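Asker: This is the structure I want to talk about, given as structure tokens.
The values are calculated or read from the model by the stated rules, or taken from the named source; none is laboratory data. As the structure is a prediction and not an experimental result, all values here were calculated from the model. Every residue, glycine as well, gets a Cβ built from its backbone with ideal geometry; the counts of neighbours run over all protein chains shown. Accessible surface areas use protein heavy atoms only, side chains included; no ligands, DNA or RNA. Shrake-Rupley method; radii C 1.70, N 1.55, O 1.52, S 1.80 Å.
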Amino acid sequence: MNKLYIIKIGGNVLDDEKSLNTFLNDFASIQAPKILVHGGGKIATKIGDKLGIESKYIDGRRITDAPTRDLVTMVYGGLLNKQITAHLQALHCNAIGVTGADGNLLKAVKRPVGKIDYGFAGDITSEDVNSTFLYFLLKQNVVPVFAPLTHARGEILNTNADTIASVLAVALSKHFDIRLIFCFEKEGVLKDVNDSKSVIRNLNGDLYAKLLKEGSFHDGILPKLENALAAIRSGVKEVLIGEHSHLIANTGYDTKGTLITA
């Protein structure tokens with residue numbers, strides 16, 4: 001089976017032009033089929049402030065009311081996605097910027113209202129991925145660049161970028177040997193959050209359960225780990241969590257981050 005890298009880049013890197021440029025140079029140089037999924041960073045919040053659209057969060061999750069939905073569609077699907085795509089084209093990487101609505105790539109369900117009304121937020125599973133069309137794009141040496149937006153019943157929905165990366169990996173695992181890479185600002189998953197050298201190099205479900213019981217993981221990393229292990233259980237071969245500046249090393253055998261396998 002061919003190797004496929006699905007790489008998710010988020011917050012802090014998107015907000016720093018120099019870091020983003022370095023990352024995109026590295027991404028463009030990967031000589032294998034690849035998909036990039038980007039988050040939104042703080043850019044939508046900054047532009048929203050200028051337009052008088054207040055950003056609302058509950059437990060760190062954005063509440064997407066109607067004005068915010070329009071804002072993130074413009075910023076994530078427009079400004080940010082097209083800047084990244086144009087940069088990759090300049091590096092001779094034939095990128096195509098997409099949302100879930102394009103080619104019906106990611107069909108979502110609007111999140112039902114529970115204790116919290118998240119507004120225009122979309123929930124997705126691997127069944128919602130148009131994997132046939134994605135497979136065709138990849139076979140044509142096209143590099144999809146996903147903004148964190150999906151669609152349902154004619155509406156654009158705001159969807160978590162980590163989740164998009166995970167469901168893409170699961171859906172395409174029948175066609176490719178996949179390494180799903182979550183890039184962030186730390187070198188990997190730390191056994192001790194106060195010790196940057198305590199990177200756990202290899203992790204599986206059993207070790208995760210043991211370390212979780214011992215209280216090794218802090219709140220911020222738990223959703224990434226849960227997403228990673230869910231992907232592994234659903235047929236994804238490898239998930240790596242590591243620093244964005246180590247992307248090239250983390251697409252090889254001698255990885256610097258945390259490699260998660262079955």
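Asker: Kindly provide the set of residues from region 169-187 that are among the hydrophobic types (A, V, I, L, M, F, W, C) and more than 8 Å from residue 4 (Cβ to Cβ), ordered by number.
Answerer: Filtering region 169-187 down to residues among the hydrophobic types (A, V, I, L, M, F, W, C) leaves 169-172, 176, 178, 180-184.
Those that are among the hydrophobic types (A, V, I, L, M, F, W, C) and more than 8 Å from residue 4 (Cβ to Cβ): 169, 170, 171, 180, 181, 182, 183, 184.
Asker: Moving on to the next point. What pairs can you find where one residue is in region 130-146 and under 18 Å from residue 24 (Cα atoms), the other is among the hydrophobic types (A, V, I, L, M, F, W, C) and part of a helix (DSSP H, G or I), and their Cβ atoms are less than 6 Å apart, with a gap of 6+ or different chains?
Answerer: 144/137; 145/84; 146/164
Asker: I need the full set of residues from region 151-182 which are within 12 Å of residue 106 (Cβ to Cβ) and among the β-branched types (Val, Ile, Thr), in order please.
Answerer: Within region 151-182, 156, 159, 163, 164, 167 meet the criteria.
Asker: Limited to region 232-262, what total is found for residues that are part of a loop (DSSP other than H, G, I, E, B) and either within 16 Å of the chain's Cα centre (by Cα) or in contact (Cβ under 8 Å) with a residue 24 or more places away in the chain (or both)? Can you show your working first?
Answerer: Initially, region 232-262 is screened for residues part of a loop (DSSP other than H, G, I, E, B), giving 234-237, 251-257, 261-262.
Subset that is either within 16 Å of the chain's Cα centre (by Cα) or in contact (Cβ under 8 Å) with a residue 24 or more places away in the chain (or both): 234-237, 251, 255-257, 261-262.
So the count comes out to 10.
Asker: Within region 78-94, does at least one residue satisfy the condition of being under 20 Å from the mean Cα position of the chain (by Cα) and at pLDDT below 95?
Answerer: Initially, region 78-94 is screened for residues under 20 Å from the mean Cα position of the chain (by Cα), giving 78-88, 93-94.
Next cut, at pLDDT below 95 only: none.
So far as region 78-94 goes, no, none of its residues is under 20 Å from the mean Cα position of the chain (by Cα) and at pLDDT below 95.
Asker: Inspect region 52-66 for any residue being among the hydrophobic types (A, V, I, L, M, F, W, C) and part of a helix (DSSP H, G or I) and give the result as yes or no.
Answerer: Just the residues of region 52-66 that are among the hydrophobic types (A, V, I, L, M, F, W, C), to begin with: 53, 58, 63, 66.
Okay, now just the ones that are also part of a helix (DSSP H, G or I), so 66.
Looking through region 52-66, at least one residue is among the hydrophobic types (A, V, I, L, M, F, W, C) and part of a helix (DSSP H, G or I).
Asker: Give the residue that is surrounded by the most Cβ atoms within 10 Å (Cβ to Cβ), with candidates limited to residues of region 99-120 that are out of contact with any Leu (no Cβ under 6 Å at 6 or more places or on another chain) and within 20 Å of residue 80 (Cα to Cα).
Answerer: 106
Asker: So which residues in region 158-193 are under 22 Å from residue 100 (Cβ atoms), touching a His at 6+ places or on another chain (Cβ under 8 Å) and in a strand (DSSP E or B)? Don't jump to the end; show me each part of the working.
Answerer: The first filter runs over region 158-193 and keeps only residues under 22 Å from residue 100 (Cβ atoms), leaving 158-176, 178, 180-183.
With touching a His at 6+ places or on another chain (Cβ under 8 Å) added as a condition, the list becomes 161, 183.
Scanning region 158-193 gives a single hit, 183.
Asker: Does any residue of region 147-164 turn out to be touching a strand residue (DSSP E or B) at 6+ places or on another chain (Cβ under 8 Å), open to solvent by 60 Å² or more (accessible area, probe 1.4 Å) and at positive phi?
Answerer: Yes: region 147-164 contains one or more residues that are touching a strand residue (DSSP E or B) at 6+ places or on another chain (Cβ under 8 Å), open to solvent by 60 Å² or more (accessible area, probe 1.4 Å) and at positive phi.
Asker: Modelled with pLDDT under 95 and of a type in the set (A, V, I, L, M, F, W, C) - does that describe any residue in region 114-124?
Answerer: yes
Asker: Within region 216-262, how many residues turn out to be under 26 Å from residue 171 (Cβ atoms), in contact with an Asp or Glu (Cβ under 9 Å, 6 or more places away or on another chain) and acidic (Asp, Glu)?
Answerer: Number satisfying all stated conditions: 1.
Asker: Hey, another quick one. With the structure loaded, tell me whether residue 71 is over 24 Å from residue 113 (Cβ atoms), outside any loop (DSSP other than H, G, I, E, B) and open to solvent by less than 20 Å² (accessible area, probe 1.4 Å) or whether it fails that test. Steps first, answer last, please.
Answerer: Working: over 24 Å from residue 113 (Cβ atoms): no; outside any loop (DSSP other than H, G, I, E, B): yes; open to solvent by less than 20 Å² (accessible area, probe 1.4 Å): yes.
No; evaluated as a whole, the condition is false for this residue.
Asker: Quick check on my filter: what residues within region 21-47 are open to solvent by less than 30 Å² (accessible area, probe 1.4 Å), outside any loop (DSSP other than H, G, I, E, B) and either within 24 Å of residue 136 (Cβ to Cβ) or at pLDDT 95 or above (or both)?
Answerer: Hits for region 21-47 are 23, 24, 27, 28, 34, 35, 36, 37, 38.
Asker: When the residues of region 2-20 are narrowed to those that are among the small types (Gly, Ala, Ser) and touching a His at 6+ places or on another chain (Cβ under 8 Å), which ends up modelled with the highest pLDDT?
Answerer: Taking region 2-20 as the starting set, the residues that turn out to be among the small types (Gly, Ala, Ser) are 10-11, 19.
From the residues that got through so far, the ones that are touching a His at 6+ places or on another chain (Cβ under 8 Å) too are 10, 19.
Working: 10: 85, 19: 93.
So the residue we want is 19.
Asker: Quick one: residue 64 ticks every box in (1) crowded, with 21+ Cβ neighbours inside 10 Å; (2) free of Cβ contacts under 8 Å to residues at least 60 places away in the same chain; (3) not aliphatic (A, V, I, L, M) except a single one, so which number is it?
Answerer: It fails just one condition, (2).
Asker: Name the residues in region 165-197 that are without any contact (Cβ under 8 Å) to a residue 60 or more places away in the chain, under 26 Å from residue 16 (Cα atoms) and surrounded by 13 or more Cβ atoms within 10 Å (Cβ to Cβ), would you?
Answerer: If we filter region 165-197 for residues that are without any contact (Cβ under 8 Å) to a residue 60 or more places away in the chain, which is where we start, we get 171, 186, 190-197.
Still in the list and also under 26 Å from residue 16 (Cα atoms): 186, 190, 193-197.
Hits for region 165-197 are 186, 190, 193.
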